[in-house]
Amino acid sequence: MSYKDEINMDKLPKHIAIIMDGNGRWAKKRLLPRKMGHKAGAKTLEDLTRAADKLGIKHLTVYAFSTENWKRSEEEISGIMDLLRNYLNGYIDKSDKENIKMDVIGEKSALDIDIQEKIKIIENLSAEKTGLNLHIALNYGGRDDILRCVKKIAQKVADGEVTPNDITEEMISDSLDTGFYPDPELVIRTSGEERISNFLLWQIAYSEFVFNNKLWPDYTEEDLYKDICYYQNRDRRFGGR
Ligand code: FPP
């Protein structure tokens, strides 16, 4: 029996956000360098993206590198960036066989130029596709997202395009990095940690959280189906009764 058969397809979340945590501990348990944990994590991401696409999920946002991750060692950062290069190249090479769209949220200007160029190529290749939208959060922080959004709106006020009274929740939502897609109904964090770590702060106002004990490289399709079932069995009230 698979949890996939238990999923109510009429109540499928449109958007799932994942905090992929536990790569370092996965590597440590195997006496491997942390980089190997991230490598295994990148493979899990590929598998899970395909599974989510097949299931009919429209948006998947994954936290790949936070604004706080720059505090890690230079060696670890360059290891993650190299994996990212491979990952992006893999997407470009296989693009004609895949229907998955990909884009990046976060402050891209701090990323190496070659990575920024690959992201542009991928966003262009993605324009024609109709499958799952994979949003990779890179140099992303929820507070930084809100800060950049406030600056955009303040500029509109300064330019006389809007007055402070015109500012609505919708305008704020639309001005965030996630502007063009719905808020996540479900946020999953792996590795047993129960924190939000500056991910999508505005967008998770009504999200359900599932904290899964598996380390990210061990997380499987079946875990995703199980977490979706768990989410579907909750009673979402949005502050009502
Ligand atoms: C958290 O594990 C994971 C990260 C900070 C990076 C996530 C990166 C990947 C899944 C792979 C690379 C991504 C792409 C898109 C190629 P951790 O290092 O905090 O683990 P720990 O808490 O066990 O130390």
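The values are calculated or read from the model by the stated rules, or taken from the named source; none is laboratory data. The model shown is predicted, which means the values in this text are computed figures rather than measured ones. In this analysis, Cβ positions are derived from the backbone assuming ideal geometry, glycine residues included, and neighbour counts consider all displayed protein chains. Please note that ligands, DNA and RNA were not included when accessible areas were found on the heavy atoms of the full protein model with its side chains. Shrake-Rupley method; radii C 1.70, N 1.55, O 1.52, S 1.80 Å.
Some notes on this structure:
- Solvent exposure of the range 121-241 amounts to 53 Å² per residue of accessible area, where only protein heavy atoms count and the probe is 1.4 Å.
- Peptides ranked, highest mean first, by Cβ atoms within 10 Å: ranges 149-155, 201-207: 201-207, 149-155
- Take every Cα pair under 8 Å whose residues are at least 6 apart in sequence, average their separation, divide by the length of the chain, and the relative contact order is 30 percent.
- Protein accessible area in the chain, 1.4 Å probe - carbon and sulfur %: 50
- Cα shape, the range 5-55, gyration tensor, a/c 1.5 rule: prolate
- Charges were assigned to the Cβ only: +1 to each Lys and Arg, -1 to each Asp and Glu. The resulting dipole of the chain about its Cα centre is roughly 680 debye.
- Derived value for the range 123-241: Kirkwood hydrodynamic radius 16.9 Å. Basis is the mean of 1/r over every pair of different alpha-carbon atoms.
- The lysine pair count for the range 103-241, using Cα distances under 16 Å and pairs eight or more places apart or on different chains, is 4.
- By accessible area with a 1.4 Å probe, ligands and nucleic acids excluded, highest first: order of E170, E74, E68: E74, E170, E68
- Estimated 222 nm signal from helices in the chain, with DSSP H stretches of n ≥ 4 weighted -39500 (n - 2.57), rounded to 500: -13500 deg cm²/dmol
- Computed across the chain, the Kirkwood radius stands at 18.9 Å (inverse of mean 1/r, all Cα pairs).
- Applying D = kT/(6 pi eta Rh) to the range 18-115, where Rh is the Kirkwood radius over alpha-carbon pairs, T corresponds to 10 °C and eta to 1.306 mPa s, the Stokes-Einstein value obtained is 108 µm²/s.
- Looking at the range 3-108, the accessible area is 53 square angstrom per residue; that uses a 1.4 Å probe and ignores ligands, DNA and RNA.
- From most to least packed by mean Cβ count within 10 Å, the peptides 177-186, 137-146 give 137-146, 177-186.
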